[in-house]
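Values quoted throughout were computed directly from the atomic coordinates according to the rules given, and no laboratory measurement underlies them. None of the values given here were measured: they were computed from a predicted structure. Counting neighbours? That spans all protein chains shown, and the Cβs are built from the backbone with ideal geometry, glycine included.
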Amino acid sequence: MERRRRSVDCDIKKGKEVDELSPLLSSFINNVPETILVEIFLRLPIKEIIMCKSVCKIWYHLIRMPQFAKQHFDHAQPCAVVKRSQPLQGSRLLYLIEPHKVNVTYCLCDEGSVLCKHHRATLKLDITMKIPLRNIELFPGLSGDFRIVNSCDGFLCLSEPLSNNPMVVCNPVTGEYLNLPGTEKSDGKMENIVCGFGYSPKLNKYKVIRMFEQGESQAVDSLFDGSKCYSRTIAETYTFGNGSWERIGNVPVSMYSDESLSKQRKIFSHQFPIYCNGSVNWLYDHHNFSENPSICSFDLDHDFFKPIELPFSCTRFIQDCGSFSSCLGELGGCMCLYFYSSLCESFSIWVMKKYGSPSSWTRIIRVYDNYDDGRYMPFGSYLPISYSDDAGLIMCTPSTSGFVHLNQNHDWKYLKIQGVESDFEAYSYVPTLVSLKDVLTNEDEILNVNTKDVMLREESKPLLLEEDDRDLEFREEHSDDD
């Protein structure tokens, strides 16, 4: 009884001490120069910055300032976001994975401790963001999923999962989103939609581009030699603030394979398009065309398409008809290419130092398959997330949410999402605090996902990123399928 009384007395004294220190702490916080606070905040991860908004009004208003949000984005590091793939069920959570945490070994025994011999490397995914759901106002219990198209400056473009028609642009950090205008029914059915999202430096506005097949074929100029070819692919753009889609017309780009359209190339529509340097970029499906493999680029300033050649050595492997896989990405503000070739049993990361100039392709890393421990990295198209000499290379497989961390010595570990039975998708993303209201003239169009009072079952289930050992059989099994 005496021990309990002392404990209570001690707690009371501690409470008094805290009460006495509160004015001092408050005075200290209020007297820290704004420039120093900004420098501190700019070095914090996005989760900690959001927590700082709740400390006091001064910090709250400072972090909400558009100027600070832009400064933070300039310092922000590329991350990966993971999303459940459930087209017919509600799935609005995005799980943010910061590369510096993938490079750290955690243990299940004690979160944050050094890995023991009984457990694999594990990372708890506790940084979550929300994106809107389809039809949530009409059918809260039956809301459908969106598909992530691509990201630009921390904003995400979302499309209807079955048709791939772009419908929403959102900021998952702030919860804000904008519904894109619909399509006139008289325009006819849109087939095989391919879309992308980016920023036009000339207009100082964000734009969405969509291509779809509709109507009869029209004569157009080939992108590759200027000769005439026929295409039923139509391109349209939506510019923030314009209120409606603007039609460009028929373009020499195809979303399906047709031997009669020899002057066209099929866009690899199942991959993540990349925004870079005022253009949206897609890989052509090189499995159908062995000559002049290239990238399809759409210039958002001038609304025209152009091809960009791949690195010469990659082109040679494709033309030799070897088994390969490829994926576009962005590293350090430059467009990059992941390329795996079965002929040389290795993968390479190429970076285009000067956008639009094929001669500026530079190989920054090459890794061979012949590991001494007998392990083979799982076959597939890997999306580069981040790379540095200190932290190494982080890549993910968008379709299976598998992650690879490759350190400076080319030692690698493969990690998979664990925690629930579901399919996942992974994307590259740079988080931003910039508000959609700061890039739109009509703020009435902006909605917020956090105002929707709907709780979904998936939001209470934690996810883990856990190391997953793979062996030689895994590569052989999947390479046969590909």
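So the values come out like this:
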| quantity | calculated |
| --- | --- |
| Trypsin sites (Lys or Arg not before Pro) within the stretch 159-210, DSSP loop, no more than 14 other Cβ atoms inside 10 Å | LYS189, LYS202 |
| Efficiency of FRET from Cβ geometry, VAL32 and SER163, R₀ 56 Å, rounded to 0.05 | 0.60 |
| Given LYS124/LYS353; LYS205/LYS354; LYS353/LYS413; LYS83/LYS437, the pairs whose alpha carbons are separated by over 30 Å | LYS124/LYS353 |
| Computed FRET value (nearest 0.05) for THR239 with GLU445, which takes r as the C-beta separation and R₀ as 22 Å | 0.95 |
| Computed E for ASP438/CYS344 - FRET, C-beta separation, R0 45 angstrom, nearest 0.05 | 0.40 |
